[in-house]
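Read through the structure below, which is laid out as structure tokens, and then see the notes.
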Amino acid sequence: MNAGAEKGVALRRNVQVSLTVNGEPVEVSFAPYKTLLEVLREDLGLTGTKHGCELGECGACAVLVDGEPVLSCLMLAIECEGRAVQTIEGLASGTRLHPLQAAFADHGGSQCGYCTPGMVMTAKGLLDHDPNPSRETIKEAIAGNICRCTGYNQIVEAIEEAAQEMRKAK
């Protein structure tokens with residue numbers, strides 16, 4: 001028996017979680033203290049979700065959990081048992097970009113690109129709930145996503161155009 005176990009110290013064992021990631025069922029085993037961000041990047045190889053501040057202040061790690069934007073650096077992966085997670089990798093349909101991805105490209109909504117996945121996922125959460133948001137609503141929705149390159153005008157315009165395209169497609 002291990003000395004730590006003899007003294008009643010709990011040994012850290014991996015946990016196994018079943019969830020849906022980008023529409024596919026996944027079972028993943030990881031240390032119970034890992035965040036959703038760490039599991040996505042390190043265990044599932046989905047590196048589109050960016051590691052930014054690790055404090056929930058920049059928005060670079062935003063993904064959708066059950067359709068709602070969450071900061072994956074603040075959510076323990078173990079909390080995702082049975083839930084649906086969508087990352088930037090799950091937006092495109094084959095080689096066809098999602099309207100948000102296309103609009104960001106068309107409007108220059110990303111320069112360095114680091115904030116873009118979190119910004120796009122936050123915008124998708126907004127548009128899924130409000131297909132015709134006002135400019136002010138868009139600004140409020142992305143207020144937690146920091147971009148140091150674009151000045152936000154191109155991002156807001158991209159989200160407006162994507163909303164219009166998504167409404168046309170329905």
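Quickly run through region 119-141 and pick out the residues that are touching a helix residue (DSSP H, G or I) at 6+ places or on another chain (Cβ under 8 Å) and surrounded by fewer than 18 Cβ atoms within 10 Å (Cβ to Cβ).
D130, P131, N132, R135, T137, K139
Can you say whether I138 is closer than 28 Å to G45 by Cβ and of a type in the set (V, I, T), as far as the supplied structure shows?
Judged against the criteria, I138 is not a match.
Consider region 97-114. How many of its residues are at pLDDT below 95 and either crowded, with 21+ Cβ neighbours inside 10 Å or of a type in the set (K, R) (or both)?
2
Mind listing whichever residues of region 76-118 are in contact with a helix residue (DSSP H, G or I) (Cβ under 8 Å, 6 or more places away or on another chain) and of a type in the set (V, I, T)?
Within region 76-118, V85, T87, I88, T116 qualify.
Could you look through region 27-69, keep only residues that are among the basic types (K, R) and in a loop (DSSP other than H, G, I, E, B), and pick out the one that is surrounded by the fewest Cβ atoms within 10 Å (Cβ to Cβ)?
Restricting to residues being among the basic types (K, R) and in a loop (DSSP other than H, G, I, E, B), the top hit is K34.
Return the pair list, or none, for Cβ contacts closer than 7 Å from residues in region 80-96 that are without any contact (Cβ under 8 Å) to a residue 12 or more places away in the chain to residues that are surrounded by fewer than 21 Cβ atoms within 10 Å (Cβ to Cβ), at least 6 apart or on different chains.
Final answer for the pair search is A92/H98.
Within the group A60, A77, which residue is hydrophobic (A, V, I, L, M, F, W, C), in the same structural domain as V21 (by TED's automatic domain parsing) and under 16 Å from T150 (Cα atoms)? Spell out how you get there, then give the answer.
Details: A77 fails: under 16 Å from T150 (Cα atoms).
Answer to the check: A60.
Which condition does T122 not pass, out of (1) under 25 Å from E54 (Cβ atoms); (2) modelled with pLDDT of 95 or more; (3) touching a Ser or Thr at 6+ places or on another chain (Cβ under 9 Å), if it passes all the others?
(3)
What number of residues within region 40-55 satisfy the criterion of being touching a residue at least 60 places away in the same chain (Cβ under 8 Å) and in contact with a strand residue (DSSP E or B) (Cβ under 8 Å, 6 or more places away or on another chain)?
Total meeting the criteria: 1.
The values are calculated or read from the model by the stated rules, or taken from the named source; none is laboratory data. Every value quoted in this text rests on a predicted model; they were computed, and no experiment measured them. As a convention, Cβ positions derive from the backbone with ideal geometry for all residues, glycine included, and neighbour counts pool all protein chains shown.
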